[in-house]
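Notes to accompany the following structure.
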Amino acid sequence: MPQTLAKETYFYAFSKENQTALKVPSGSQVVVETYDCFQNQIESEDASFNSIDWNQINPATGSIYVEDAQPGDILKVKIDNIELGNKGVLATGPGLGVMGHRIDEFTVKMVPIVDGKAVFNEKLKLPLNPMIGVIGVAPEGEPVSCGTPGAHGGNMDTKSITTGATLYFPVFQEGALFGLGDLHAAMGDGEIGVSGVEIPGKVTVTLEVIKGKSIPFPFVENDEGVAAIVSMETLDEAAKKAVELFVDTLLPHTDLTIAELTMLFSAAGQVQVSQIVDPLITARFLVPKYILDAYQVSLFE
Ligand code: CA
Ligand code: ZN
């Protein structure tokens, strides 16, 4: 039976100072309970901006200390399962997200999850795409708020971080100090209104240390391929950096010139938008599996 880490053990910033809530050997499976990103404070559509304690936002459950993880290693995180609660919440308001300049009032919508759909209203039931908004490890330097993404992961709000996917994180601190939270029952690329269908839940992960390889940013792998996930001040910078990072990662594994690999990626790679509303913007560059297979590349182990 995997160990369970209760949601009451959480932090608001990824940090090397975070206490270890659970210490596990590499290869362990753990069930991680989570609050929603509002720490379950919103219980009805009457919630006002001022009724929410904005200091209690984006808790990540953790830290999980993974034995043998040392700076310069990779932490491999397989998402085995995401179990959602039965009630989600959407929110937006003035100054929030892409449309904040056109919205007068903080607005909340409760979104019940019924029969595998997110009920938006009587007319619209949205398909679920359960995903993890905040997931990562302690960063290299100063603590990073759970609201901000970066090289350590954090608030990447990336749709492909879902059941069946495998994440690879750079390890910056001994034990990696892993944590996650901010589940979404559904979210579109961009997360344009500043929230997905925010929901508490339970995530089952398998945590494994990979020695002898290091990466500068997180990557996510699924049946489709492998994507580099990069967060920067602007979407342009994030997208370009994700492409360049992948060029540098793959180039040594091929007999291609940089121009040839660029042409290949131009023909078959995908720049994708994760989110455009957090303190840094997150983009990803996906390289299809058949390209990695053709060069028999295993990037991380
Ligand atoms: Ca988020
Ligand atoms: Zn969220």
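The values are calculated or read from the model by the stated rules, or taken from the named source; none is laboratory data. Remember, it's a predicted structure, so these values are computed and weren't measured experimentally. Every residue, glycine as well, gets a Cβ built from its backbone with ideal geometry; the counts of neighbours run over all protein chains shown. To get the accessible areas, we keep the full protein, side chains included, count just its heavy atoms, and leave off ligands, DNA and RNA. Shrake-Rupley method; radii C 1.70, N 1.55, O 1.52, S 1.80 Å.
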(request) Could you order M156, M110 so the one with the most accessible surface comes first? Probe is 1.4 Å. (result) M110, M156
(request) Distance check, please: which entries in K23/K240; K23/K289; K78/K159; K78/K125 exceed 27 angstrom between their Cα atoms? (result) K23/K240; K23/K289; K78/K125
(request) Using Cα pairs closer than 8 Å and at least 6 residues apart in sequence, work out the relative contact order for the chain, in percent. (result) 23 percent
(message) Connecting C-alpha atoms closer than 10 Å in a GNM of the chain, tell me which of I135, I161, I215 has the biggest fluctuation.
(response) I215
(request) Please work out how much accessible surface F300 shows to a 1.4 Å probe, ignoring ligands, DNA and RNA, in Å² rounded to 10. (result) 10 Å²
(request) Per DSSP H run of at least 4 residues, take -39500 (n - 2.57); add these up for the chain, divide by its residues and hand me the 222 nm value, nearest 500 deg cm²/dmol. (result) -3500 deg cm²/dmol
(request) Taking H placed 1.01 Å from N in the peptide plane, check which residues at least 5 places from Q70 or on another chain put their amide H under 5 Å from its amide H. (result) G175
(request) Could you pull out the longest piece of the chain with no exposed loop trypsin sites (Lys or Arg not before Pro) in it, calling a site exposed if DSSP puts it outside H, G, I, E, B and it has at most 14 other Cβ atoms within 10 Å? (result) 1-122
(message) Output needed for the stretch 117-228: three equivalent-ellipsoid semi-axes, defined as square roots of 5 times the C-alpha gyration tensor eigenvalues, in descending order, whole Å.
(response) 27, 15, 12
(request) Go through E244, E105 and list them by solvent-accessible area, largest first, probe radius 1.4 Å. (result) E105, E244
(message) Going by amide H atoms built from the backbone, whose H comes under 5 Å of the H on K117, apart from near neighbours?
(response) none
(message) Given bins 10 angstrom wide, list per bin the percent of all Cα-Cα distances in the stretch 224-294, short to long.
(response) 22, 51, 23, 4
(request) Over the alpha-carbon set of the chain, divide Rg by the Kirkwood Rh and report the Rg/Rh ratio to two decimals. (result) 0.97
(message) Under the rule of at least 5 residues apart or a separate chain, name every residue whose amide H is placed under 5 Å from the amide H of G88.
(response) V111, I113
(request) For the chain, with a Gaussian network of springs between Cα atoms less than 10 Å apart, report the residue from G88, G116, G201 with the top mean-square fluctuation. (result) G116
